[in-house]
Amino acid sequence: GIDLGSSSVKVALFDTLTHCPVSISQYPESEMQINAPERGWAEQDPELWWSYTKQAIKNLITESDIDSLLIKAIGISYQMHGLVIVDKNQDVMRPAIIWCDDRAVDIGRKAKEDLGSDFCNTHYLNSPANFTASKMKWVLDNEPEIGSAIYKMMLPGNFIAMKMTGQILSTVSGMSECVMWDFENKKIGNALLDYFGINKDWIPEVQSTFDTHGRVSLMVARELGLPPNIPISYMAGDQPNNAMSLGVLSPGEAAATGGTSGVVYAVTDHLVSDASGRVNAFAHVNHSDDQNRIGVLLCINGCGIQYAWLRKQMSSEGTPYQDIERMIKD
């Protein structure tokens with residue numbers, strides 16, 4: 001299992017018989033940098049994500065001391081709402097605009113006004129707000145030289161899967177977190193794409209969360225010591241994934257998690273929306289055309305970032321969070 005966060009990449013090896021972790025690795029050991037070239041911006045280098053993922057996998061295999069050829073499949077969890085753009089050679093065209101970047105707020109607000117709040121809430125369950133589709137519109141408006149060479153736009157987890165397999169695929173859950181899934185028509189939401197001028201060919205092929213999202217290429221397998229051709233068999237955003245890992249899959253169940261952000265995530269079988277935008281609703285990992293499973297998400301974006309800031313102000317560089325918590329307790 002690979003977890004691409006905004007602070008680090010974590011990789012875990014699980015025993016398929018016991019369902020227990022065998023070994024866990026994290027890279028880098030310190031927090032990944034989030035670049036802010038302008039106020040309110042937040043960017044990271046996708047190629048750096050890939051470099052860290054490879055190192056974490058190599059460390060995991062070495063530390064676990066297992067025969068890596070026994071590994072059967074890979075699952076990917078990733079930081080939600082980010083935007084990665086590649087050209088036809090699958091080369092990254094600009095830094096990823098990640099979840100906590102707020103440059104596209106006004107773009108999303110205007111889209112909601114022009115398309116209508118009721119339309120957005122009915123079809124997308126959300127305002128376009130500052131999600132991935134609005135971020136893409138910002139790029140088209142402000143970096144027009146990129147537009148003519150775009151091959152695909154994708155989420156962070158789709159990018160890691162692409163690097164491992166050469167294929168670019170996504171999920172209904174992923175498209176809903178981009179605010180590009182039309183729940184009324186059960187397909188990619190053309191109205192918002194047309195409004196933003198987003199080419200439909202840029203959207204990855206959509207399939208189930210629990211599906212084969214490509215197979216590990218021979219080149220990557222050789223570099224990382226993995227069996228070639230094993231599948232990427234699962235892919236989901238971090239909050240739907242966190243809920244699933246806690247067994248939250250059925251209507252009425254809820255999960256609370258703390259990381260870079262603080263989140264409460266509850267599942268319902270109704271296509272719900274919040275006109276005020278206090279909470280957001282996305283397709284859960286087990287949502288399908290025949291079975292509504294909607295994750296209602298309450299997120300306080302700055303929790304972990306504020307915690308990191310506090311550590312920098314109150315302790316020497318490299319002090320573990322556990323030491324700070326012990327000092328506070330004492």
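Points worth noting:
- Scan of segment 133-192 for residues that are out of contact with any helix residue (DSSP H, G or I) (no Cβ under 8 Å at 6 or more places or on another chain), more than 23 Å from Gly1 (Cα to Cα) and not hydroxyl-bearing (Ser, Thr, Tyr), ordered by number: Lys135, Asn142, Glu143, Pro144, Glu145, Ala149, Lys186, Lys187
- Test: Ala104 is free of Cβ contacts under 8 Å to residues at least 40 places away in the same chain and buried (at least 16 other Cβ atoms within 10 Å of the Cβ): yes
- Check on Val139, surrounded by 16 or more Cβ atoms within 10 Å (Cβ to Cβ), under 17 Å from Glu205 (Cα atoms) and not aromatic (Phe, Trp, Tyr): no
- Hey, Gly40 under 28 Å from Lys135 (Cα atoms) and either at pLDDT below 95 or open to solvent by less than 10 Å² (accessible area, probe 1.4 Å) (or both) or not: yes
- Pick from segment 219-250, criterion small (Gly, Ala, Ser) and part of a helix (DSSP H, G or I), ranking: surrounded by the fewest Cβ atoms within 10 Å (Cβ to Cβ): Ser245
- Counting only residues that are among the hydroxyl-bearing types (Ser, Thr, Tyr), open to solvent by 70 Å² or more (accessible area, probe 1.4 Å) and either at pLDDT 85 or above or closer than 16 Å to Pro240 by Cα (or both), segment 261-314 holds 1 of them.
Yes or no, residue by residue, for (1) under 28 Å from Gly259 (Cα atoms); (2) open to solvent by less than 60 Å² (accessible area, probe 1.4 Å); (3) in contact (Cβ under 8 Å) with a residue 24 or more places away in the chain; (4) part of a helix (DSSP H, G or I):
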site: Ile76; (1), (2), (3), (4): yes, yes, yes, no
site: Val84; (1), (2), (3), (4): yes, yes, yes, no
site: Gln90; (1), (2), (3), (4): no, yes, yes, no
site: Trp99; (1), (2), (3), (4): yes, yes, yes, no
site: Arg109; (1), (2), (3), (4): yes, no, no, yes
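- Residue list for segment 1-60, restricted to those being in a helix (DSSP H, G or I) and aromatic (Phe, Trp, Tyr): Trp49, Trp50, Tyr52
- Considering residues of segment 159-180 that are part of a loop (DSSP other than H, G, I, E, B) and in contact with a Ser or Thr (Cβ under 9 Å, 6 or more places away or on another chain) only, the residue farthest from Asn130 (Cα to Cα): Gly166
The values are calculated or read from the model by the stated rules, or taken from the named source; none is laboratory data. All of these numbers come straight from a predicted model, not from anything done at the bench. As a convention, Cβ positions derive from the backbone with ideal geometry for all residues, glycine included, and neighbour counts pool all protein chains shown. All accessible areas refer to the heavy atoms of the entire protein, side chains included, with ligands and DNA or RNA removed. Shrake-Rupley method; radii C 1.70, N 1.55, O 1.52, S 1.80 Å.
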